Amino acid sequence: MTVDLVLKDGIFIENGRETIRSVAIEAGKIEGIYKHGEEPQRRDVIDCRGLYILPGLIDIHVHLRDLKQTDKEDFESGTMAAAAGGVTTVVDMPNSDPPVLDKKTLDEKIARAHESRHVNVGFYAGIPHIIEDFDVQMLRDILGLKVYPHTPLEKETKYDKNRIRDCMKLARASEIPLLFHPESTAMRKIPRDMEEFFLSHSCESEVNSLQSFIDAKVEYEARLHVCHVSCAASARLVHKNRAEDTLTAEVTPHHLFLSGGDFTHEDGLAKMLPPLRSPHDNLMLLEALTQNCAIDCVATDHAPHKKWEKTAPFLKASSGIPGLETVLPIMLTEVFEKRMSWIDYLRVCCSAPARILGLESKGILTKGYDADIVLARIQERTISGKEFYSKAKITPFEGRRVLARTVSTIVGGNVVFRDGEFVLGPGIAGMVPVHKS
Ligand code: DOR
Ligand code: ZN
Ligand code: ZN
């Protein structure tokens, strides 16, 4: 048989160990993994000697800012950032302008993403203030429901017990996860100074919110996914309440590897919600991710803002940082410096996020799975925001030494990014929207 493409003689991870293999791709899927000399005939070949052949990352938490905030990011720049970063699937959050609360907005976003995509794009929807207004037609095209207790998508919404119960019931009936940003509504107010800011976004607030959602989850048996766990205490709470896959959690690279003390208090550059915590939290989160598996996966919370919004004084600065172009080098550096095993890397960056959202043919490089692949090499360099394809070029990881670079990215068997260049126009490769298998 003649296949479309062979990625030849790259470094492939088999049972957690590096070995030399070739990956054959046919009709967008992995046709097989071969030893040297056993590859099938092919129409095209990429010499992968010296390169790692890895599954593309699956980032289940990004804000790509279409439709009306395209000065911050849009599906084209955001998915270019993903492809250049080695992320082959992104799932877009609904807190956009306008927010995704109805089918019309969702359909507009899907159309925009479809024509400008460079990678696979999935979607979440928010839940309208009047829950009965939720259009079940949206369920066909979304992977989860997202709620923000602290900053609801409609101002009049309050996340009291009844609201949480109704959201859980909707998620359960819809057979998709309810994702939530753990912050307590009780603390909601506009901070007048730094102290109030950190008080209203404290670990206590995160833990209280988490507890109220976990209590409701137990009662209504919904699938609950906790976004960006930032504190050791919340990781412990998730660990205590884990049962099968009905409670899952993610952590961002910035909450794993940066702490508040790394930045001056006035610095809007590192302002994000939840805020950076302590070095102790960093350590406990890494342990929760790799030792006790309380936290399932890494997600970037890619939240682009304009330069002036990030350079404003802290209280006025916008919360959020870009993450799509830093996640792979940061996580692979953990592997190359032997602080993380290949098994953990592949689970937390690729297979676990696919599992959480039910993407059964993604996240693993094996026969029959989608050919969403990144070729990466070991290269010592420092992170530089000005190299980003994202419109947001300010990162708190600026100047950080890393040991890896994305060389090429393949999405559904199409080479999108090759040797550091985009070789395919927008709107050609990638599924939009990504559906549950
Ligand atoms: O820092 C953040 N930025 N946290 C969020 O939860 C939202 C995000 C955004 O949309 O900018
Ligand atoms: Zn959030
Ligand atoms: Zn977010």
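The values are calculated or read from the model by the stated rules, or taken from the named source; none is laboratory data. For clarity, every value in this text was computed on a predicted model and none was experimentally measured. Backbone-built Cβ (ideal geometry, glycine too); neighbour counts: all protein chains shown. Accessible surface areas use protein heavy atoms only, side chains included; no ligands, DNA or RNA. Shrake-Rupley method; radii C 1.70, N 1.55, O 1.52, S 1.80 Å.
Within region 170-186, can one find any residue that is in a helix (DSSP H, G or I), open to solvent by less than 40 Å² (accessible area, probe 1.4 Å) and either under 16 Å from Ser319 (Cα atoms) or within 15 Å of ligand 1 (Cβ to nearest atom) (or both)? Checked region 170-186: at least one residue is in a helix (DSSP H, G or I), open to solvent by less than 40 Å² (accessible area, probe 1.4 Å) and either under 16 Å from Ser319 (Cα atoms) or within 15 Å of ligand 1 (Cβ to nearest atom) (or both).
Residue by residue, here is whether (1) over 22 Å from the mean Cα position of the chain (by Cα); (2) within 16 Å of ligand 1 (Cβ to nearest atom) holds:
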site	(1), (2)
Phe198	yes, yes
His201	no, yes
Tyr220	yes, no
Val226	no, yes
Arg242	no, no
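When region 252-268 is limited to residues that are of a type outside the set (Phe, Trp, Tyr) and more than 21 Å from His63 (Cα to Cα), the one that is most open to solvent (accessible area, probe 1.4 Å) turns out to be Glu266.
Just wondering, is there one or more residues in region 40-53 that are closer than 16 Å to Leu365 by Cα and touching a helix residue (DSSP H, G or I) at 6+ places or on another chain (Cβ under 7 Å)? No: zero hits. In the condition set (1) open to solvent by less than 20 Å² (accessible area, probe 1.4 Å); (2) assigned to a helix (DSSP H, G or I), Gly323 is compliant with all but (2). Applying the set (1) open to solvent by less than 40 Å² (accessible area, probe 1.4 Å); (2) at pLDDT below 95 to Leu5 leaves exactly one unmet item: (2). Scanning region 225-251 for residues that are of a type in the set (Gly, Ala, Ser), part of a helix (DSSP H, G or I) and open to solvent by less than 10 Å² (accessible area, probe 1.4 Å) turns up Ala232, Ser234, Ala235. Of all the listed residues (Val136, Val121, Val147, Val100), the sole one being among the hydrophobic types (A, V, I, L, M, F, W, C) and in contact with a Phe, Trp or Tyr (Cβ under 6 Å, 6 or more places away or on another chain) is Val147. When each of Gly122, Gly78 is tested for being in a strand (DSSP E or B), at pLDDT 95 or above, surrounded by 24 or more Cβ atoms within 10 Å (Cβ to Cβ) and of a type in the set (Gly, Ala, Ser), the lone residue that passes is Gly122. Just so you know, in region 81-100 the residues that are assigned to a strand (DSSP E or B) and not acidic (Asp, Glu) include one that is farthest from ligand 2 (Cβ to nearest atom), and it is Thr88. Just name the residue that is farthest from His150 (Cα to Cα) out of those in region 259-318 that are over 21 Å from the mean Cα position of the chain (by Cα), of a type in the set (Asp, Glu) and in a helix (DSSP H, G or I). If we take residues in region 259-318 being over 21 Å from the mean Cα position of the chain (by Cα), of a type in the set (Asp, Glu) and in a helix (DSSP H, G or I), then Asp262 is farthest from His150 (Cα to Cα).
State whether one or more residues within region 188-204 are open to solvent by less than 10 Å² (accessible area, probe 1.4 Å), over 25 Å from Ala317 (Cβ atoms) and within 16 Å of ligand 2 (Cβ to nearest atom). Taking every residue of region 188-204 in turn, none turns out to be open to solvent by less than 10 Å² (accessible area, probe 1.4 Å), over 25 Å from Ala317 (Cβ atoms) and within 16 Å of ligand 2 (Cβ to nearest atom).
Among the residues making up region 365-380, those that are touching a residue at least 40 places away in the same chain (Cβ under 8 Å) and farther than 19 Å from Val3 by Cβ are Val374, Ala376, Arg377, Ile378.
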